[in-house]
Each structure stands twice: as C-alpha cells, then as structure tokens.
Amino acid sequence: MEKVNSKYKVLFVCLGNICRSPAAQGIFEHIISEEGVQDCFEVDSAGTYSGHRGEMPDRRMRNAAMYRGYALTHRARPVSGLDFLDFDLIVAMDDQNYEDLMHLAPSVEATHKIKRMASYLTTHKISYIPDPYYMGAEGFSLVLDLLEEACRNLYTAIVRARF
Ligand code: 4NP
C-alpha cells in the first residue's frame with residue numbers, strides 16, 4: 001500500500017457519534033495500544049448528524065465500555081468533506097451511515113475508502129451494527145460484542161495489507 005511511512009488513518013462513523021463510533025474508536029485504540037503500534041495509526045470518529053457536536057459519548061455506552069476496560073473520552077463531531085482526503089479508511093456502522101457517506105464523498109476515489117463495519121464480522125451473522133440508542137443494556141452489550149470482533153478483524157486486515 002502507498003504511504004507506508006506515514007500513519008494509517010481510520011475514521012469510524014455512525015449517526016450521532018455518541019454511541020457506536022466512539023466505542024469502535026476506543027476499542028480500536030485499545031487494540032493498537034496492546035499491540036504496541038499506536039504510533040502507526042491515527043484513529044478518530046464522527047457522526048453524519050451534527051446535533052450532538054461537542055458531547056461526550058452517551059453515559060450508557062461509557063458505562064458499558066468502562067465495564068470492559070475502555071475509557072471513552074471522544075467529543076462528538078460531524079463528518080466533514082476534509083475527512084475523505086485525510087483518512088485512509090472510513091468505516092460505517094450501518095447501511096444508512098454507508099449511504100450518507102457515499103453521498104458526502106467528494107470523488108469516486110473517496111468512495112473507495114468507505115467500508116461497512118459488519119464486513120469485518122466473522123462469527124456474528126449480522127450485516128450492520130445496530131443503533132443502541134433506544135435499546136436497553138443488552139443493546140449496548142451486543143454492540144460492544146460486535147465492535148470487539150470487528151475491530152480485531154479490521155486490525156488484522158490492515159496489518160496484513162500494509163505491514
Ligand atoms: P450513534 O447512536 O449513532 O451510535 O451515536 C445515536 C445517537 C443519537 C441519536 C441516534 C443514534 N439521536 O437520534 O440523537
């Protein structure tokens with residue numbers, strides 16, 4: 001892959017940037033820290049909806065994540081056009097996020113950076129990461145199960161392709 005000497009930049013995207021994508025960011029950051037390769041990556045998250053701009057992750061997601069050892073400190077921000085230039089990979093949590101990103105992408109080349117998070121799932125048979133916002137505690141736990149598997153497989157896929 002190109003740009004071998006620069007950081008590999010991954011952006012996780014959901015709707016509000018307060019539940020799924022900051023959790024994915026926290027889990028992925030945890031993996032690269034455990035692997036000792038945090039200097040090789042830049043990781044961020046954003047939302048297609050700007051209404052939660054500046055907010056911490058949803059308290060329910062922060063608590064569920066903390067229970068598994070992930071401290072989520074991201075502040076919500078909307079996706080911008082510059083993100084399509086800046087990041088190498090843009091990972092959508094569900095089909096609506098994917099479609100919204102495809103419409104926002106400034107070029108055909110930029111659309112090739114957009115992937116579905118669920119495409120990195122192996123044992124879970126589900127094609128999207130469900131929105132836990134209106135779910136109970138089981139919803140947040142399920143989302144974390146899915147994100148943990150997808151992040152691990154995504155990490156492996158990047159390392160195989162790039163390093
Ligand atoms: P997220 O969850 O996209 O995983 O951050 C949501 C957060 C907020 C809203 C919807 C989904 N909302 O409608 O405000």
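The values are calculated or read from the model by the stated rules, or taken from the named source; none is laboratory data. Note that the coordinates shown come from a computational prediction; the quantities given were computed from them, not determined experimentally. Ideal geometry is used to build each Cβ from the backbone, glycine not excepted, and the neighbour counts take in all protein chains shown. Heavy atoms of the whole protein, side chains included, go into the accessibility calculation; ligands, DNA and RNA do not. Shrake-Rupley method; radii C 1.70, N 1.55, O 1.52, S 1.80 Å.
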## Note on the structure
Of (1) of a type in the set (S, T, N, Q); (2) open to solvent by less than 30 Å² (accessible area, probe 1.4 Å); (3) not in a helix (DSSP H, G or I), S127 fails just (2)
### Task
Check L72, L85, L101 and return the single one that is part of a loop (DSSP other than H, G, I, E, B), of a type outside the set (K, R) and either surrounded by fewer than 21 Cβ atoms within 10 Å (Cβ to Cβ) or at negative phi (or both).
L72
### Query
Is it fair to say M135 is more than 19 Å from E42 (Cβ to Cβ) and assigned to a loop (DSSP other than H, G, I, E, B)?
yes
### Selected residue (criterion: most open to solvent (accessible area, probe 1.4 Å)) from residues of segment 50-62 that are within 11 Å of the ligand (Cβ to nearest atom) and within 18 Å of M135 (Cβ to Cβ)
R60
## Note on the structure
Of the residues in segment 115-158, those that are within 16 Å of the ligand (Cβ to nearest atom) and among the β-branched types (V, I, T) come to I126, I129, V143
### Query
Taking the stated definitions as given, is R20 closer than 16 Å to A150 by Cβ, open to solvent by less than 40 Å² (accessible area, probe 1.4 Å) and at pLDDT 95 or above?
yes
### Query
Within segment 3-22, which residues are within 16 Å of the ligand (Cβ to nearest atom) and more than 18 Å from G51 (Cα to Cα)?
L11
### Task
Look at segment 88-98 and say how many of its residues are free of Cβ contacts under 8 Å to residues at least 60 places away in the same chain and open to solvent by less than 50 Å² (accessible area, probe 1.4 Å).
1
